[in-house]
Amino acid sequence: MLTASETLGRVVVSATNAWRRAVLRRHGLRRRTIHLPDSETDIVCWMPKDVERTCNQKPSVLLLHGFGSNGTESWASHVSSLFRHFALFIPDLLFFGSSTTSRLERSELFQAHGIHTAILSLRVNQSFVIGHSYGGFVAYRLAHLYPEFVTKLIIVASGIMMDCHNNDYALRKTGANSVYDILAPTSVPALKQTLELVLNGTPKIPDFVLKAMLKRSSCGAD
């Protein structure tokens, strides 16, 4: 049986994610699962309700989220500034959110191929691409592999100047044993360390909410 704090944490996290989904719907987007031709991969993506009509009126923008996040969580707060000017496509990258595959590949090349195939299946042949953090690596690979598809490219906070010293600093600051522990925390103290590093300060989030966030993340939900 859940404690009162655990129940409250789940309510807070669920309500926050419900609000994000409502924001996306309010701005004319719908959530759809795209089954790729390999029959092993499903890409979940927010997109305009009428893709063809919207893309005829506005340029397309593909928004790619960072590691440990998903499309809904990363981009909901930006949609209101973008939807009037662009046809928005917001996928969950594979292994995050609700996108899944039974293929064994684990690389940004595989991510880029899957996203490209999914968006082409919607008859969208060109797009601006914006990638944040890990999504920036995928965005770069999209431009590298499919230059005819990517008309403009923006990469945000993807650590393009990183070297081994950056990892050493992150390990010292957080006290983590490995970079993996920072990228994929499994406990509330570890998640606090990660957030402190990412946010450059101590996060003011109650432990019971952080615990619910970890639980939801481990289930792959958004």
task = Using only Cα atoms, tell me the angle between helix 207-218 and the longest principal axis of the chain; keep it within 0 to 90° and round to the nearest 10.
result = 50
ask   = What size of dipole, in debye to the nearest 20, comes out for the chain about its Cα centre when the only charges are +1 on Lys and Arg C-beta atoms and -1 on Asp and Glu C-beta atoms?
value = 840
request  = Go through the range 19-29 residue by residue and turn each phi into a ³J(HN,Hα) via Karplus (6.51, -1.76, 1.60, θ = phi - 60°); whole Hz please, and just put x for glycine and proline.
outcome  = 4, 4, 5, 5, 4, 5, 5, 4, 9, x, 9
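For GLY9, what is the net charge nearby, where nearby means another residue's Cβ is under 12 Å from its Cβ and Lys, Arg count +1, Asp, Glu -1? Don't skip to the answer; put the middle values down first.
On the way: positive: ARG10, LYS211, LYS215, ARG216; negative: GLU6, ASP207.
Summing Lys and Arg as +1 and Asp and Glu as -1 gives +2.
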task = Pull up the cross-link candidates among the aspartates and glutamates for LYS204, meaning alpha carbon to alpha carbon under 12 Å and not fewer than 8 places away within one chain.
result = GLU196
task = List MET1, MET213 from most exposed to least, where exposure is judged by having the fewest other Cβ atoms within 10 Å.
result = MET1, MET213
task = May I ask you to list the lysines whose Cα is less than 25 Å away from that of LYS211, ignoring any residue fewer than eight positions away on the same chain?
result = LYS173, LYS192
inquiry  = Along the charge dipole of the chain, pointing to its positive end and built from +1/-1 on Cβ of Lys, Arg, Asp and Glu, which listed residue (GLY114, SER39, ASN56) has its Cα farthest out?
reply    = ASN56
task = Please arrange THR151, THR41 by counting, for each residue, the other beta carbons lying within 10 Å of its beta carbon, fewest first.
result = THR151, THR41
query = Can you sort VAL12, VAL138 by how many other beta carbons sit within 10 Å, fewest first?
reply = VAL12, VAL138
message = Using the Cα atoms of the range 35-156, I'd like the radius of gyration and the largest Cα-Cα distance, Dmax, both in angstrom.
response = 13.1, 39
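All of the numbers you see were taken from the coordinates with simple rules; none came from a lab. Quick caveat, the model's predicted, so the values are computed rather than measured. When we count neighbours, we look across all protein chains shown, and the Cβ atoms used for this are built from the backbone with ideal geometry, even at glycine.
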